[in-house]
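Just below is one structure, and these are the notes that go with it.
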Amino acid sequence: MNPDILNQHPEPQPPGLPDAFWRSMMTRGNEAFRAGKFGPALADYQNAVVEATRLLQLASRGVELESTSPAPALVVACGNAANAFTEISENEQAFAILREAIERLAAVISRPEAPLAVRMSCLENMNRASALLLDTMRACSCTDADIDAEFSAGRSTMERCIQALNQTQTN
């Protein structure tokens, strides 16, 4: 798997912004990953996942965040964690963390009280997380049948989310 794809992240921002912890965990994780220290990288990425989830929950309640958009932050953190999992041959864990990202994003999309912009960002990034999951499965030599099943499940989830968005807009 190409680590450059999964390790892309915005430049760190000054401390004090709502996402400073997420950015510091991503930076430390990326440094550890580049040094071949996959365990420490994974720990930092998992902390970034927790923080991105917290930021996503805040945004879904209408809290304005100054810097990072939480949906892409979640996908990037989960993608990096998945990459670290594959480096230590924990492929099922890699798939699981990407599925968790998809589930968290879908949950926000399905909440009609969440701001529409946040829900739309979640939909866009759910598509990215699904693509990362399928790419990770291919890189880990999963069977075509398993990849097809995952694709079908992802398409079903995406359709439900689009339907939830459409219902909100017609109400």
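The values are calculated or read from the model by the stated rules, or taken from the named source; none is laboratory data. No experiment lies behind these values; they were computed from the predicted model shown. Here the Cβ positions follow ideal geometry from the backbone for every residue, glycine too, while neighbour counts run over all protein chains shown.
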Select from the range 96-141 the residues that are surrounded by fewer than 17 Cβ atoms within 10 Å (Cβ to Cβ) and outside any helix (DSSP H, G or I) and list them in ascending order.
R111, P112, E113, P115, S141
Using the structure shown, decide if G36 is within 17 Å of T86 (Cα to Cα) and not in a helix (DSSP H, G or I).
yes
Which of the following residues is over 10 Å from the mean Cα position of the chain (by Cα) and farther than 25 Å from T157 by Cβ: A96, A43?
A43
Within the range 71-95, track down each residue that is more than 18 Å from A43 (Cβ to Cβ) and surrounded by fewer than 24 Cβ atoms within 10 Å (Cβ to Cβ).
P72, N91, E92, F95
Return a yes/no flag: does the range 123-130 have any residue that is small (G, A, S) and modelled with pLDDT under 95.
no
Any idea which residue in the range 145-171 is modelled with the lowest pLDDT, counting only those that are surrounded by fewer than 13 Cβ atoms within 10 Å (Cβ to Cβ) and among the β-branched types (V, I, T)?
T170
Can you pull out every residue in the range 80-116 that is touching a Lys or Arg at 6+ places or on another chain (Cβ under 8 Å) and either closer than 19 Å to G36 by Cα or among the small types (G, A, S) (or both)?
A106, S110, A114
Could you tell me how many of the residues in the range 113-171 are without any contact (Cβ under 8 Å) to a residue 12 or more places away in the chain and aliphatic (A, V, I, L, M)?
5
